[in-house]
1. Given the options 59, 32, name the one that is at pLDDT 75 or above, within 30 Å of residue 128 (Cα to Cα), under 21 Å from the mean Cα position of the chain (by Cα) and not basic (Lys, Arg).
2. Go through (1) over 21 Å from residue 126 (Cα atoms); (2) loosely packed, with under 15 Cβ neighbours inside 10 Å; (3) at pLDDT 70 or above and name the single condition residue 14 misses.
3. Scan region 74-91 residue by residue and report those that are under 17 Å from residue 114 (Cα atoms) and modelled with pLDDT under 75.
4. Can you report the number of residues in region 96-129 which are in a strand (DSSP E or B), within 15 Å of the chain's Cα centre (by Cα) and surrounded by fewer than 19 Cβ atoms within 10 Å (Cβ to Cβ)?
5. Hey, among the residues in region 72-95 that are without any contact (Cβ under 8 Å) to a residue 24 or more places away in the chain and assigned to a loop (DSSP other than H, G, I, E, B), which one's surrounded by the fewest Cβ atoms within 10 Å (Cβ to Cβ)?
Amino acid sequence: MRKKYFIPLYIFLFILPISCEQIVDSFWKEKEKKDKQAYFIAAFKGTYFGPITGGVNGEIIINIADDGNITVRINSSTYTDSLEAIYSDSGRIHGTSITTGLTIEGSLSEGKGTYKQGHWAGTWSVRKK
């Protein structure tokens, strides 16, 4: 009769450490991902090079908020545009303005990327403020 109760107990004791290990592994993987993303929660400022709506170059500002929302602002003497973007935990960024079609892509890790608007295209570079 006692053997009947010990078998489920042995099974439980065998499975418990495996389950705890999975929980701990999951915790550390999530923490590592958040730590990588935390580096990019900041403001980046720099310059774009090439024509946008007649301008030749100007300022680009990329702000990443604590909630992960990204705003990109492009300023020149003749042009201003804002757009929302997405980024990955490796720092890749991509966004398109719904009003003008301006698209930016690049890497915040490397601090550079490209943009395109219609037949105009160019590059941008930023540094963390």
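1. Numbers: 32 fails: at pLDDT 75 or above.
Going through 59, 32 in turn, the sole match is 59.
2. (3)
3. 76
4. 5
5. Here is the first cut: in region 72-95, the residues without any contact (Cβ under 8 Å) to a residue 24 or more places away in the chain are 73, 75, 77, 80, 82-86, 88, 92, 94.
Pick out the ones that are also assigned to a loop (DSSP other than H, G, I, E, B) and you get 77, 88.
Details: 77: 10, 88: 13.
It comes out as 77.
The values are calculated or read from the model by the stated rules, or taken from the named source; none is laboratory data. Bear in mind that the values here come from a model prediction, so they are computed numbers and not experimental data. Note that we place each Cβ from the backbone using ideal geometry, even for glycine, and neighbour counts take in every protein chain shown.
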